[in-house]
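> Submitted below is the structure of interest, expressed as structure tokens.
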Amino acid sequence: MKVVLKLYATLQNYLPPGTQGTAAEVEIPAGTTIEDLFKAYNVPLDQVKIIMVNGRHTDLDYEIQEGDQVAGFPAIAGG
Amino acid sequence: MSRILRVDMSSSRATFEEVPGKYRLLGGRALTSQLIKDEVPPTCDPLGKNNKLVFAPGLLTGTHAPSSGRLSVGAKSPLTGTIKESNAGGITAQKLASLGIKALVIEGQPSNDEFQILVISEDGVEFVPAGDLAGLGCYELGRKLWAKYGEQCGVISIGPAGEARMNLAGVSTNDREGDPGRYAGRGGLGAVMGSKGLKAIVVKTDKVFDVPVQDPEKFKKAARDFTEALTTHPVTSQTLPTYGTAALVNVINEAGALPTRNFSSGRFEGAAKTGGEAMAEICQQRGGKGKMGHACSPGCVIRCSNIIPDENGDVLCAPVEYESTWALGANCGIDNLDHIATLNRLCNDIGLDTIETGVTLGVLMEAGVLDFGDGPKAIELLDKEVRQATPLGRIIGSGAAIAGKVFGVTRVPTVKGQSMPAYDPRAVKGIGVTYATTPMGADHTAGYSVASNVLRVGGYVDPLKPEGQVDLSRNLQIATALVDTVGLCLFVSFPLLDNEKALPSVVEMINAQFGTNWTVDDAIELGKNVLRTERAFNAAAGFTAADDRLPEFMKTEPLAPHNTVFDVKDEDLDTVFNF
Ligand code: SF4
């Protein structure tokens, strides 16, 4: 199934090669968790601080659904 | 020995006073707010002779405490009618503190329309007629003052907007490059300075870190511990220096809380083009003077500031930070970073608060005065109308609340007359509690609930639910009042929230400097007292619980994409200050 993977700031480098910007459509088997997906792209899990699916916070063990927008961020803050 | 410098603009007289005992352990926001509470009649006209403009470096400013170069500016606000404290970085606070000036109080009012420059140096204080410096934008003014008084002098100034006493006018302080842009922007403090006939304050000294410390060994150790907390936390050591505060654009957009086109949606399709990642890319591509990881004041180890270059690598604007790229970007439907940076530069030059300006432009766009997304027209409005203080320029200059009334717009995102910053409270409910209840009017810095609501710093409270938001906001408002008093940049809060050793090291620095024996609880009590003082001023000025509310549309118009409204109950809002 197809889902959208978004990686920002220092994690941007782990998007599939050739990605323009911060998001890429990727193909994954059913039953994939966010942890599986991030590992598949070598995203260093210890650097992932904020995870959102469709704009809501979630965790690594979330099982991804068709069409989900999965976003990962490192520690980010400001004002 | 530190002193209070009192400047009477009615008689052009300056006097140094001993610091009364009750002010000895106050600084920054605690001191500006206490002085205003003690000396300004709460019902006075903010632009009249009875209001006072108070500048105060923080308790630790001018020492080697890291990231402690903040300058608090306070007065009764012409925008909100409440007490106001707004603080800024730049190079001036440390110079004032190093000259032994604990507070600078500007009072009275000249009987003519002439502007003056106040020059403070190691030799004393001098009043100089502004002459043809009056009317200048802050960039040219800064260059001329450096040419006359020496490079590296501190310059506090107002632009044409402050001279015209507009509600949007901020007070600028310069950075190490001499440019304006470090603004005590909020609440129209520039208009108060204009009403005093003061175009600029020059602080002429090479001293930066010359504030005496009672126990230098103890201080050094505590400062080292605190520095370690800042340089090991991932936010203050990595993301802020690499991407600046604008790294938030994509996060807040993803969370569905980035106010877009005058708070009509929580997502902006052009967000990525206006964020910190895009800025870092532009700095790299264009090179020249472009830079991320810039420190706005000496001794800042976080360095969240940036210098955005134009196509030729010259300085376009420094900094463009999160609030500004949002206010002048997403909120106006503008996704062109060059337009945003140009608008930001114009704000710095004319002397405008970027948040209030962007929100007011959004309201005008809603009213059809210009189209959403029309950067060039927005640039023209600021450069022609506001700079010249034409009638339309004055409507913009009066802020979103008044502009909304003039044009009959009901979607006006203000609290106590002050525009909301870059987080929609329908999708970040904790920040809504802060907007509603802080004594400052809608202000994110007063209690940054976004940290726990969205950024997972200092725990997690679901941003879309009403539960837990009041406690979150209360604790943060207290802690922030303390941070603003110490003179630390607010961005130290992230390590403060996550690292339990950080706050004790701040308290240790205070103890080492002043010879006190404070505990962490004593410091927290100081934060509470600041809020009590400010609330008492506002109550005497006529503010009640009915003013501690968000605008009606936030309770009735659901915000996309989460389709939520602000639903923290009024009676819960009224418990924020139960301490
Ligand atoms: S963290 Fe940023 S705003 Fe704060 S003092 Fe440092 S450079 Fe200035």
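The values are calculated or read from the model by the stated rules, or taken from the named source; none is laboratory data. What you are looking at is a predicted structure, and each value in this text was computed from that prediction instead of being measured. Positions of Cβ are backbone-derived with ideal geometry, glycine not excepted, and every protein chain shown enters the neighbour counts. Protein only, heavy atoms only, side chains kept; ligands, DNA and RNA dropped before computing areas. Shrake-Rupley method; radii C 1.70, N 1.55, O 1.52, S 1.80 Å.
> Averaged per residue, what accessible surface does the stretch B:3-204 expose to a 1.4 Å probe, in Å²?
Details: 5930 Å² over 202 residues.
Accessible area per residue, the stretch B:3-204: 29 Å².
> Can you compute the helix-only [θ] at 222 nm over chain A? Use -39500 (n - 2.57) per DSSP H run of at least 4 residues, normalise by all residues, nearest 500 deg cm²/dmol.
Details: 1 runs with 7 residues, N = 79.
So the helix-based figure for chain A works out to -2000 deg cm²/dmol.
> Find which of B:Thr242, B:Val461, B:Ile117 sits farthest along the positive direction of the dipole of chain B, computed with +1 on the beta-carbon of Lys and Arg, -1 on that of Asp and Glu, about the Cα centre.
B:Ile117
> Grab every C-alpha pair in the stretch B:132-257, bin the distances at 5 angstrom width from 0 up to the longest one, and report whole percents.
Histogramming the stretch B:132-257 at 5 Å steps yields 2, 10, 13, 13, 12, 14, 15, 12, 7, 2 percent.
> Additional query: Which ³J(HN,Hα) values in Hz, rounded to whole numbers, follow from the phi angles of the stretch B:102-110 under the Karplus curve 6.51 cos²θ - 1.76 cosθ + 1.60, where θ = phi - 60° and Gly and Pro get x?
7, 8, 10, 10, 9, 9, x, 7, x
> Treating the beta-carbon of each Lys and Arg as +1 and of each Asp and Glu as -1, no other charges, what is the dipole magnitude of the stretch B:125-169 about its Cα centre, to the nearest 20 debye?
Rounded to the nearest 20 debye, it is 60 debye.
> Quick one: buried accessible area between A and B, total over both chains, 1.4 angstrom probe, nearest 100 Å²? Working shown, then result.
Working: alone 4810 and 19870 Å², together 22510 Å².
Interface between A and B: roughly 2200 Å².
> Then there is this: If I model a spin label at B:Lys555 and B:Glu122 as a point 7 Å from the Cα along the Cα→Cβ vector, what separation in nanometres do I get?
6.0 nm
> Something else: With N denoting the number of residues in the protein assembly as shown, provide Rg(C-alpha) divided by 2.2 N^0.38 Å, to two decimal places. Walk me through the numbers before you get to the answer.
Working: Rg = 23.4 Å, N = 658, 2.2 N^0.38 = 25.9 Å.
Rg over 2.2 N^0.38 Å, computed on Cα atoms: 0.90.
> Sticking with this one: Near the amide H of B:Phe372, under 5 Å away, which other amide H atoms are found, from residues 5 or more places off or on another chain, if H is placed in the peptide plane?
Under 5 Å from the amide H of B:Phe372 lies no amide H from a residue far enough along the sequence or on another chain.
> For the stretch B:3-204, what is the relative contact order in percent, using Cα pairs closer than 8 Å and at least 6 residues apart in sequence? Present the calculation step by step, with values, prior to reporting the outcome.
Working: 526 pairs, mean separation 46.1, N = 202.
RCO, the stretch B:3-204: 23 percent.
> Among B:418-426, A:19-27, how do they line up from the highest to the lowest mean number of other beta-carbon atoms within 10 Å? Numbers along the way, then the final one.
Numbers: B:418-426: 28.9, A:19-27: 14.2.
Descending mean neighbour count gives B:418-426, A:19-27.
> Given points 7 Å out from each Cα along the Cα-Cβ axis, report the B:Phe577 to B:Arg176 separation in nanometres with one decimal.
If labels sit at B:Phe577 and B:Arg176, their model points lie 4.0 nm apart.
> Between B:Asp570 and B:Glu525, what FRET efficiency follows from the Cβ-Cβ distance if R0 is 41 Å, with the result rounded to 0.05? Each step should come with its number before you reach the end.
Numbers: r = 28 Å, r/R0 = 0.69.
FRET efficiency, B:Asp570 to B:Glu525: 0.90.
> Sticking with this one: What order, most packed first, do the peptides B:428-436, B:407-415, B:31-39 have when packing is the mean number of other Cβ atoms within 10 Å of each residue? Could the numbers behind the result be given before it?
Details: B:428-436: 29.7, B:407-415: 18.9, B:31-39: 22.3.
The packing order, highest mean first, is B:428-436, B:31-39, B:407-415.
> Given 25 °C and 0.890 mPa s, how large is the Stokes-Einstein diffusion coefficient of the stretch A:2-73 in µm²/s, with Rh as the Kirkwood radius over Cα pairs? Working shown, then result.
Working: Rh = 11.9 Å.
Rounded to a whole number, D works out at 206 µm²/s.
> State to the nearest 20 debye the size of the charge dipole of the protein assembly as shown about its Cα centre, where the only charges are +1 on K and R beta carbons and -1 on D and E beta carbons. Each step should come with its number before you reach the end.
Working: 61 positive and 78 negative charges, 294 e Å.
Charge dipole of the protein assembly as shown: 1420 debye, to the nearest 20.
> In sequence order, what are the phi-derived ³J(HN,Hα) couplings for the stretch B:472-480 according to the Karplus relation 6.51 cos²θ - 1.76 cosθ + 1.60 with θ = phi - 60°, rounded to whole Hz, with x for glycine and proline?
My calculation for the stretch B:472-480 gives 4, 5, 4, 4, 6, 4, 5, 4, 5 Hz in order.
> Now, a different point. Determine the calculated [θ] at 222 nm for chain B from helices alone, applying -39500 (n - 2.57) to every DSSP H run no shorter than 4 residues and normalising by the residue count; nearest 500 deg cm²/dmol. Present the calculation step by step, with values, prior to reporting the outcome.
Values: 23 runs with 214 residues, N = 579.
Helix contribution divided over all residues of chain B: -10500 deg cm²/dmol.
> Given 0.36 nm per residue, what is the gain on full extension from B:Asp206 to B:Asn112 after removing their alpha carbon distance, in nm? The partial results should precede the final answer.
Details: separation 94, 0.36 × 94 = 33.84 nm, distance 3.39 nm.
Fully extending the segment from B:Asp206 to B:Asn112 adds 30.4 nm.
> What's the FRET efficiency of B:Ser10 with B:Ala536 using the Cβ-Cβ distance as r and R₀ = 30 Å, to the nearest 0.05? If you can, show how the numbers build up before the last one.
Numbers: r = 28 Å, r/R0 = 0.92.
In this case the efficiency is close to 0.60.
> Would you pull out the residues with amide H under 5 Å of B:Asp443's amide H, same chain only if 5 or more places away, H placed 1.01 Å from N?
The answer is B:Tyr435.
> Any idea what the dipole of the stretch B:313-448 comes to, in debye rounded to 20, about its Cα centre with Lys/Arg Cβ at +1 and Asp/Glu Cβ at -1?
560 debye
> Tell me the net charge near B:Leu240. Cut-off is 11 Å between Cβ atoms, B:Leu240 excluded, with +1 for each Lys or Arg and -1 for each Asp or Glu.
Numbers: positive: B:Arg303; negative: B:Glu321.
Neighbourhood net charge equals 0.
> What's the Kirkwood radius of the stretch B:3-204 in Å, using all Cα pairs? Spell out each step's value before the answer.
Numbers: mean 1/r = 0.0616 Å⁻¹.
Across the stretch B:3-204, the inverse of the average 1/r is 16.2 Å.
> So what J values fall out for the stretch A:66-74 if you push phi through Karplus, 6.51 cos²θ - 1.76 cosθ + 1.60 with θ = phi - 60°, rounded to Hz, Gly and Pro as x?
Those phi angles translate into 3, x, 4, 9, 9, 10, x, 10, x Hz.
> Report the GluC sites (Glu not before Pro) located in the stretch B:62-152 that are in a DSSP loop and have at most 16 other Cβ atoms inside 10 Å of their Cβ, or state none.
Working: sites: B:Glu85, B:Glu107, B:Glu114, B:Glu122, B:Glu126, B:Glu140, B:Glu151; in loops: B:Glu114, B:Glu122, B:Glu151.
Qualifying residues, ordered by number: B:Glu114, B:Glu122, B:Glu151.
> Could you work out how much longer the chain between B:Phe407 and B:Lys22 gets when fully extended? Use 0.36 nm per residue separation minus the Cα distance between them, nm to one decimal.
Stretched fully, the B:Phe407-B:Lys22 segment lengthens by 133.8 nm.
> Out of residues 5 or more away from A:Thr33 or on other chains, whose amide H comes under 5 Å of its own, with H placed 1.01 Å from N in the peptide plane?
Close amide H contacts, sequence-distant or interchain: A:Ile64.
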